[in-house]
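A.B. asks: My questions will all concern the structure given below.
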Amino acid sequence: MKYTVTGSGPVLVLAHGVGKGGQSTFGHIVEDFAKRNTVVVCDLSGSEAAEDDGEALTIEGQAAEVSAIIADLGVSEPVDLVGFSLGGAVVAATAALHPEQIRRLVPIGGLVTADAYMKNLIGLTLSQSHDPVAFGRVLTTTAFSPRYINSLPSLDEVDKMGAELSPSKGRIRQLELLIQVDIRDIVGNVRAQTMVVGCNPDAAVPTHHSVDLHNSIASSTYVEMDSGHMVLFEKPAEMVELINSFIHKP
């Protein structure tokens, strides 16, 4: 497994969702976290930085990868774990299956199980895999809020963001995993202190999925951000402050 380590202090592990990988998702805020933490950015199977066998992805497999990265760090204390989107389900599964490794948990825009809306949306996205521009436009239209898209100077800027979400083999595998997510049987085993972050309006993984995740974890609190799904890009400073306030509270 590939991962990068930046900074010093208590360990904070970051797990990406659908996309190129850890740096594409978190790279713009790593240094902010590294002022107080040892920041570990994962590149899980399906990402462009990872090397794997190309088989279908599973939540349990991705959770095992996160767990293996934590073990490879050789730390003696449980770590804090943040996951975005699909990564929100992955980190919840990691905390459920490997509770001894996790101190505090932050799923952002995550889910317990995919529903008909998400399956329909991802089916539409995958149907455009022959056309990279159309594929990217479907994803950006649902991932970013109308307010954020309207703040950009031109549609060319939107297409640049969409190009980051090209229909690679790994991306298709990630999307296929997203519609198969179902951690209902294990999520109740999470014991780590948890802050679930939902986004509203979120047209990619609608807000009620984060509410469901919160309701499924007994030790969780819930915070809702006024943002589209890509809150890490729409409100990066606010997200850094929110996560820091949670993981560094006494």
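The values are calculated or read from the model by the stated rules, or taken from the named source; none is laboratory data. What you see is a predicted model; the values in this text were computed from it and never measured. Glycine gets a Cβ as well: all are built from the backbone with ideal geometry, and neighbour counts include every protein chain shown. Just so you know, the surface numbers come from the protein's heavy atoms only, side chains and all, with ligands and any DNA or RNA stripped out. Shrake-Rupley method; radii C 1.70, N 1.55, O 1.52, S 1.80 Å.
A.B. asks: Collect the residues in the stretch 231-250 that are surrounded by 15 or more Cβ atoms within 10 Å (Cβ to Cβ) and either touching a helix residue (DSSP H, G or I) at 6+ places or on another chain (Cβ under 7 Å) or modelled with pLDDT under 95 (or both), keeping them in residue-number order.
C.D. replies: Of everything in the stretch 231-250, those that are surrounded by 15 or more Cβ atoms within 10 Å (Cβ to Cβ) and either touching a helix residue (DSSP H, G or I) at 6+ places or on another chain (Cβ under 7 Å) or modelled with pLDDT under 95 (or both) turn out to be Val231, Leu232, Glu234, Met239, Val240.
A.B. asks: Considering the stretch 21-49 alone, what residues qualify as being of a type outside the set (Asp, Glu), open to solvent by 20 Å² or more (accessible area, probe 1.4 Å), in contact with a strand residue (DSSP E or B) (Cβ under 9 Å, 6 or more places away or on another chain) and not in a strand (DSSP E or B)?
C.D. replies: Once the filter is applied, which keeps residues that are of a type outside the set (Asp, Glu), open to solvent by 20 Å² or more (accessible area, probe 1.4 Å), in contact with a strand residue (DSSP E or B) (Cβ under 9 Å, 6 or more places away or on another chain) and not in a strand (DSSP E or B), the stretch 21-49 yields Gln23, Gly27, Arg36, Ala49.
A.B. asks: Please go through (1) assigned to a strand (DSSP E or B); (2) in contact with a Gly (Cβ under 8 Å, 6 or more places away or on another chain) for Thr194 and return the number of the only condition it doesn't satisfy.
C.D. replies: Tallying (1) assigned to a strand (DSSP E or B); (2) in contact with a Gly (Cβ under 8 Å, 6 or more places away or on another chain), Thr194 fails exactly one: (2).
A.B. asks: Regarding the stretch 215-230, can at least one residue be identified that is in contact with a His (Cβ under 7 Å, 6 or more places away or on another chain) and surrounded by fewer than 23 Cβ atoms within 10 Å (Cβ to Cβ)?
C.D. replies: Yes, the stretch 215-230 contains a residue that is in contact with a His (Cβ under 7 Å, 6 or more places away or on another chain) and surrounded by fewer than 23 Cβ atoms within 10 Å (Cβ to Cβ).
A.B. asks: Can you tell me which residues in the stretch 203-216 are in contact (Cβ under 8 Å) with a residue 60 or more places away in the chain and under 28 Å from Gln23 (Cβ atoms)?
C.D. replies: Ala203, Ala204, Val205, Pro206, His209, Ser210, Leu213, listed by residue number.
A.B. asks: Right, another one. Looking at the stretch 158-180, I want the residues that are within 19 Å of Thr141 (Cα to Cα) and have a partner that is of a type in the set (Ser, Thr, Tyr) and assigned to a helix (DSSP H, G or I) with Cβ atoms under 7 Å, at least 6 apart or on another chain. Which pairs are those?
C.D. replies: The qualifying pairs are Val158/Thr140; Met161/Thr140; Gly162/Thr140; Glu164/Ser24; Leu175/Thr125.
A.B. asks: On the given criteria, is Gly162 at pLDDT below 95, touching a helix residue (DSSP H, G or I) at 6+ places or on another chain (Cβ under 6 Å) and either among the basic types (Lys, Arg) or crowded, with 17+ Cβ neighbours inside 10 Å (or both)?
C.D. replies: Yes, satisfied.
A.B. asks: If you go through the stretch 218-250 one residue at a time, how many are within 13 Å of Val197 (Cα to Cα) and assigned to a loop (DSSP other than H, G, I, E, B)?
C.D. replies: 6
A.B. asks: Can you tell me which residues in the stretch 50-76 are among the charged types (D, E, K, R), in contact (Cβ under 8 Å) with a residue 24 or more places away in the chain and open to solvent by 70 Å² or more (accessible area, probe 1.4 Å)?
C.D. replies: Glu51, Glu60, Asp72 - these are the residues of the stretch 50-76 that are among the charged types (D, E, K, R), in contact (Cβ under 8 Å) with a residue 24 or more places away in the chain and open to solvent by 70 Å² or more (accessible area, probe 1.4 Å).
A.B. asks: Do we find that Ser145 is of a type in the set (S, T, N, Q), within 18 Å of the chain's Cα centre (by Cα) and at pLDDT below 95 in this structure?
C.D. replies: No: the conditions fail for Ser145.
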